[in-house]
1. In whole angstrom, note down how far apart the Cα centers of region B:1-68 and region A:64-99 are.
2. Summarise the partner chain shielding of B:35-43 as one whole number: the mean count of Cβ atoms from other chains within 10 Å of each residue's Cβ.
3. What's the long-distance tail for chain B, i.e. % of Cα pairs beyond 24 Å?
4. Along the charge dipole of the protein assembly as shown, Cβ charges K/R +1 and D/E -1, which of A:27, A:40, B:3 sits furthest on the positive end?
5. Based on DSSP loop calls and a cut-off of at most 14 other Cβ atoms within 10 Å, the longest stretch of chain B free of exposed trypsin sites (Lys or Arg not before Pro) is what?
6. What net charge is computed for the residues neighbouring residue A:30, neighbours being all others with C-beta under 14 Å from the C-beta of residue A:30, Lys and Arg scored +1, Asp and Glu -1?
7. For residue B:57 and residue B:10, calculate 0.36 nm times their separation in residues minus their Cα-Cα distance, and state this gained length in nm to one decimal.
8. Could you list the residues of region A:76-90 with an amide nitrogen less than 12 Å from a label point located 7 Å from the Cα of residue A:39 in the Cα-to-C-beta direction?
Amino acid sequence: GNSVTQMEGPVTLSEEAFLTINCTYTATGYPSLFWYVQYPGEGLQLLLKATKADDKGSNKGFEATYRKETTSFHLEKGSVQVSDSAVYFCARRNSGNTPLVFGKGTRLSVIA
Amino acid sequence: DTGVSQDPRHKITKRGQNVTFRCDPISEHNRLYWYRQTLGQGPEFLTYFQNEAQLEKSRLLSDRFSAERPKGSFSTLEIQRTEQGDSAMYLCASSLGQTSTDTQYFGPGTRLTVL
């Protein structure tokens, strides 16, 4: 079926550590892929997106590359900060402006 | 630029009562989506509108749930005869709806607690 699987949290890192949150998807056709972030007490915000194979989305030091051959869209950041502590959701959307399908979310805690 | 707003932010009700939530999308956004998020899970799609037309409903949307967008602007989501299993965060999102890559912008959500 169509689904999104992301690594389970929580993930706890020290400040300036390297971050990877894995995300894989199954879908028909060529979906668009997204990472949303939910900071404590706030609503979901789009972090980055990629709409076709080999596209790289980037924002606030985060990056993710659309890998069609491995059906993955892993989120990375070279040096995390305490302010990056949040829940991160991977999502996909099939062609057309259809609803998003989300993963379960990965909670990241960055400690000073 | 005002974002998506939802009202109320919190609702506590007793089992069996009816509740109604409101969502105001970003101005001129044609598409409006409702999602439900339970603890430890990602948001799950409920229904969406293109202007005033309801285009799709998830199997999660039982007959106790109804959503409207009468004038193609704000939307309401009503839950009749609430059950404890309805306790969740109800999220609204909107998008321009003009291309397949449009971004969905989310509101802060309405947290429902059914006692």
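Coordinate-derived values only; no laboratory data. Predicted model, so just to flag it, every value in this text is computed and none were measured. Glycine also receives a Cβ, built like all others from the backbone with ideal geometry; neighbour counts cover every protein chain displayed.
1. Centre-to-centre (Cα) distance: 24 Å.
2. Values: counts 4, 0, 5, 0, 0, 6, 5, 16, 10.
Counting other chains' Cβ atoms within 10 Å and averaging over B:35-43 gives 5.
3. Details: 1243 of 6555 pairs.
Here the tail beyond 24 Å accounts for 19 percent of pairs.
4. Of the listed residues, the answer is A:27.
5. Values: sites that count: B:9, B:14, B:15, B:59, B:64, B:71, B:81.
Between the exposed loop sites, the longest stretch runs B:16-58.
6. Numbers: positive: A:49, A:52, A:67, A:68, A:92, A:93; negative: A:54, A:55, A:69.
In short, +3.
7. Numbers: separation 47, 0.36 × 47 = 16.92 nm, distance 2.41 nm.
Here the answer is 14.5 nm.
8. Counting only backbone N, you get A:82-87.
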